1. Angle check, please: helix 69-79 long axis (alpha carbons) against the longest principal axis of the chain (alpha carbons), in degrees 0 to 90, nearest 10.
2. Around S168, with a cut-off of 14 angstrom between Cβ atoms, what is the net charge of the other residues, counting Lys and Arg +1 and Asp and Glu -1?
3. How large is the translational diffusion coefficient of the stretch 19-80 in µm² per second when you combine the Kirkwood radius over alpha carbon pairs with Stokes-Einstein at 20 °C and 1.002 mPa s?
4. What share of the DSSP beta bridges in the stretch 10-246 is antiparallel, in percent to the nearest 5?
5. In whole percent, how big is the carbon plus sulfur part of the accessible area of the stretch 10-246, probe 1.4 Å, protein atoms only?
6. Cβ neighbours within 10 Å, averaged per peptide: list 169-182, 234-247 in order, most packed at the top.
7. Extension gain D47-S168, at 0.36 nm per residue separation less the Cα-Cα distance, in nm?
8. Determine, at each q value in 0.15 (inverse angstroms), the log₁₀ of I(q)/I(0) that the Debye formula gives when each Cα of the chain is one equal point scatterer.
Amino acid sequence: MDISRHTDKIAIVTGAGSGIGRATAIRLAAEGASVFACDVNEVGMQDTKDEISSQDGQCVVIACDVTNQLDVDRLVSQVGSRIDILANVAGIMDHFLPLGEVDDATWDRVMNVNLTGVMRLSRAVLPMMITQGGGAIVTVASKASLSAGAAGVSYTTSKHAVIGLVKSAAYFYGPKGIRSNAVLPGPVETNIGTTATPLSAWAIERAGLSMATMPPAAKADQIASVISWLASDEASNVNGSVVSADGGWASA
Ligand SMILES: NC(=O)c1ccc[n+]([C@@H]2O[C@H](COP(=O)([O-])OP(=O)(O)OC[C@H]3O[C@@H](n4cnc5c(N)ncnc54)[C@H](O)[C@@H]3O)[C@@H](O)[C@H]2O)c1
């Protein structure tokens, strides 16, 4: 923890009502940032804000569905005239549904939140970051960005695809001072299990083979600390990177 690392920085954190997003909002605020916490879970966001306020940090909560362009526009206009950090954390699982069993609603929902939502937020902050001469975007992807045995087809596809978005943004906007990087967690103690209940018995059995090497679940702050570092000036030469924070799972 570096309590002055983000002094005077303005940060947006999506998915800030729970898990890794909450831990990220709390950490960025503890390290000096003014945090705009966004989520569809308003009760969760308020809990996040209360925790930040109890530590004398700065946090504004804004209800925002990352899949909804009007919500995203409203969020960015409410933040004001400067955005230094965007942490794209909001995400959902896909009940481990494999290709032959996935329904359109699951596919669309997962792609909308995990991929299109990241595009909407990242696109929305770019004009301000370009005008101010720089900014840092950190996107939470997954071990499922690298391999197929940790989720169903929708989640795996969304998390592979979002790496392309992260790298494209890094390549095209790096010369404008904007850095875009991804963090790839393995298992983390959060509430994502609500969308992870297996709905296909044979698929979870098959996924279990890959999960046999899964390390114990990390704490959400173990991911937030990596997000905070990537967003900080200490990572000023890190752009387009895919940083695993999975306890070594990807090396198994
Ligand atoms: N927990 C894990 O084991 C794990 C592993 C790898 C990657 N991840 C990734 O970490 C990120 C955070 O997940 P988590 O584990 O903290 O889960 P979580 O369920 O605890 O938190 C996710 C938050 O995102 C919010 N959210 C969902 N849809 C939204 C939308 N449309 N708009 C705004 N907010 C929305 C939820 O309300 C929730 O508060 C996700 O991108 C997830 O894919 C998690």
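1. It works out to around 30 degrees.
2. +4
3. Estimated diffusion coefficient is 184 µm²/s.
4. Counting DSSP beta bridges with both partners in the stretch 10-246, the antiparallel share is about 0 percent.
5. Percent of accessible area from carbon and sulfur atoms in the stretch 10-246: 55.
6. Packing order, densest peptide first, comes out as 169-182, 234-247.
7. 40.1 nm
8. These q points yield log10 I(q)/I(0) values of -1.00.
The values are calculated or read from the model by the stated rules, or taken from the named source; none is laboratory data. This is a predicted model, so every value here is computed, not measured. As a convention, Cβ positions derive from the backbone with ideal geometry for all residues, glycine included, and neighbour counts pool all protein chains shown. With ligands, DNA and RNA removed, areas are computed over all heavy atoms of the protein, side chains included. Shrake-Rupley method; radii C 1.70, N 1.55, O 1.52, S 1.80 Å.
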